[in-house]
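To start, the structure itself, in structure tokens.
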Amino acid sequence: MPVFTGFRQECRKLDLFMSVMSKKSDPMMRCAGCGEIFDRTISSAMPFCSENCRSNDLDNWLTESYGLPHEGEGVADRVELEDEDQNDQTA
């Protein structure tokens, strides 16, 4: 019986914690596209303020205006250079 009592107490603590946190969370946030502050509870295009910002972001990815960072040289280029170096050393 004491195990269930402790479990119930922990559940009540968790419920209390969640209700406090949900009241404190700010519904306002900054748009990832334009930087404007908007209410996230009414936006259908999260994390953007509008469908226009969402579309602009997608367009930037598709036209490669955005990209992931890279080293520059590919693995194939390094393998070719290593093969050339080995051939030069054997000659």
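The values are calculated or read from the model by the stated rules, or taken from the named source; none is laboratory data. The shown structure was predicted, so the numbers you read here are calculated from the model rather than taken from an experiment. Ideal geometry is used to build each Cβ from the backbone, glycine not excepted, and the neighbour counts take in all protein chains shown.
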Among residues of the stretch 26-63 being assigned to a helix (DSSP H, G or I) and of a type in the set (A, V, I, L, M), the residue surrounded by the most Cβ atoms within 10 Å (Cβ to Cβ) is 58
Within the stretch 33-91, restricting attention to residues that are among the acidic types (Asp, Glu) and in contact with a strand residue (DSSP E or B) (Cβ under 8 Å, 6 or more places away or on another chain), which residue is modelled with the lowest pLDDT? 39
Can you list residue pairs whose Cβ atoms sit under 8 Å apart, with the first residue in the stretch 29-45 being more than 15 Å from residue 57 (Cα to Cα) and among the small types (Gly, Ala, Ser) and the second being at pLDDT below 90 and loosely packed, with under 10 Cβ neighbours inside 10 Å? Count only pairs 6 or more apart in sequence or on different chains. none
Looking at this structure, is residue 11 at negative phi, modelled with pLDDT of 80 or more and surrounded by 10 or more Cβ atoms within 10 Å (Cβ to Cβ)? no
